[in-house]
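Peer 1: Have a look at this one before I ask anything.
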Amino acid sequence: MTSIYERALGAGFKQLHPKIQERFGFGSKNHIASIGEGIMEEIWCAQWAALPLYIGTIRHIMFPNRGETVPFQIENYAYRDEWGRETVTWCRTFNFPGIQRRFDATMIYSEQRSRVVDYLGNKQHLAVDLRITAGDNGGIRIQSGEQRFYEGLLGFRVPPWFTGTADVCEWYDDVSQKYRISVQVSNPVFGPVFRYKGTFQARMIEVGEDGVPPHVKPLRVEIRE
C-alpha cells in the first residue's frame, strides 16, 4: 500500500535512499514496524525556553534537558486510528542519566489539507502541517508549518511567534551504515529553541496478532485536523 509519506512526496519518493524508502514506505496493511536504537551526539535547549519545555514533558512534547551521547530509541508503527485514518507513530525515548524523556507524535495524511499533519504529544492537542521533501543526499526533510491547538470545544491557530518551527532531516550514511537524524526547532522572534542530532540503526519487525503496543498510541485522538 502507499504510505502517508509516499502520498506526500509523490514521484519524489523514488528519489529517497532505499533505506529511507524502507523506513518511510510502510502502512498499516503491511503489518510491520521500524524500531531504531542509537545515540544522540548532542541534545540542546535554550535556557529561556526551559519552563515551557518542562511543561511539555507532561504531555511528551519535548523537554528541557541537555546532554551528549544520550541513548535513544524511536518506534514507528502504522495503524488505522479510531476515525479510520492511516496513522504512523513517532515515539522517541531519550535516556538521560537518572531520567527518561519522551517526545511523542502521531502523523496522518489529511485528505482535507492534502498534506501530512503531525499531532504532537500523547493527547494530540497540537496539530501541525508538514512540508515533506526529498534531499539531494537521498534523505527526507520535514518542515513544520501552521500549528493549531485543540482542547474540548476550543480550537485556534497558534501564532508563529508563540511557538517554534521544526526542521527535521533524516538520511542514511552508507559509510557507517547508520541512519542520521538532525532536528532543529526555532522561534521567529527568540531564535533557536531546541535541537538534537545523532545516529541510529533500525530494524523492521513484524507486528503480530496483538497489534500495535498501547504505549506508542496517544491517550486521546483528535478528529480535527
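The values are calculated or read from the model by the stated rules, or taken from the named source; none is laboratory data. Computed from a predicted structure; not experimentally measured. Positions of Cβ are backbone-derived with ideal geometry, glycine not excepted, and every protein chain shown enters the neighbour counts. For accessibility, only protein heavy atoms count, side chains too; no ligands or nucleic acids. Shrake-Rupley method; radii C 1.70, N 1.55, O 1.52, S 1.80 Å.
Peer 1: Can you give the FRET efficiency for residue 37 and residue 162, using 1/(1 + (r/R0)^6), R0 = 45 Å, r = Cβ-Cβ distance, to the nearest 0.05? Don't skip to the end; give the middle numbers.
Peer 2: Working: r = 34 Å, r/R0 = 0.77.
Efficiency computed from Cβ-Cβ geometry: 0.85.
Peer 1: Quick one: Karplus J couplings for segment 23-31, per residue in order, coefficients 6.51, -1.76, 1.60, θ = phi - 60°, nearest Hz, x for Gly and Pro?
Peer 2: My calculation for segment 23-31 gives 6, 10, x, 10, x, 5, 6, 7, 6 Hz in order.
Peer 1: Further, regarding this structure: Between residue 224 and residue 96, what is 0.36 nm times their sequence separation minus the Cα-Cα distance? Round to one decimal in nm. Spell out each step's value before the answer.
Peer 2: Numbers: separation 128, 0.36 × 128 = 46.08 nm, distance 3.45 nm.
42.6 nm is the gain from fully extending residue 224 to residue 96.
Peer 1: Let me ask something additional. So if each residue of separation counts as 0.36 nm, and I subtract the Cα-Cα distance between residue 29 and residue 47, what length gain in nm does that give?
Peer 2: 2.1 nm
Peer 1: Let me ask something else about it. With every protein chain present, what is the per residue accessible area of segment 80-225 (1.4 Å probe, Å²)?
Peer 2: Here the per-residue accessible area is 52 Å².
Peer 1: Calculate what fraction, in whole %, of the accessible area of the chain sits on carbon and sulfur atoms when a 1.4 Å probe is rolled over the protein chains.
Peer 2: The computed percentage sits at 52.
Peer 1: Could you give each residue of segment 173-189 its phi-based ³J(HN,Hα) in whole Hz, using Karplus coefficients 6.51, -1.76, 1.60 with θ = phi - 60°, and x for Gly or Pro?
Peer 2: Calculated HN-Hα couplings, in order: 9, 5, 5, 7, 6, 9, 7, 10, 9, 9, 10, 10, 10, 10, 9, x, 9 Hz.
Peer 1: Here's a follow-up. Answer with one residue from 91, 53, 158: the one whose Cα lies farthest towards the positive end of the charge dipole of the chain, charges on Cβ with Lys, Arg +1 and Asp, Glu -1.
Peer 2: 158
Peer 1: Per residue of segment 124-138, what does 6.51 cos²θ - 1.76 cosθ + 1.60 with θ = phi - 60° give for ³J(HN,Hα)? Whole Hz please, x for Gly and Pro, Karplus curve as stated.
Peer 2: Residue by residue, segment 124-138 yields 6, 7, 10, 10, 10, 6, 10, 9, 10, 9, 9, x, 5, 8, x Hz.
Peer 1: Using 1/(1 + (r/R0)^6) with R0 = 41 angstrom and r between the beta carbons of residue 143 and residue 210, what's the FRET efficiency to the nearest 0.05?
Peer 2: 0.70
Peer 1: Could you pull the accessible area for residue 83 with a 1.4 Å probe, rounded to 10 Å²?
Peer 2: 140 Å²
Peer 1: Please get the size of the charge dipole for segment 22-137, origin at its Cα centre, with Cβ charges of +1 on Lys and Arg and -1 on Asp and Glu, quoted in debye to the nearest 20. Working shown, then result.
Peer 2: Details: 13 positive and 14 negative charges, 70 e Å.
Dipole about the Cα centre, nearest 20: 340 debye.
Peer 1: Taking Cα pairs under 8 Å and at least six residues apart, what relative contact order does segment 1-115 come out at, in percent?
Peer 2: About 24 percent, as a whole number.
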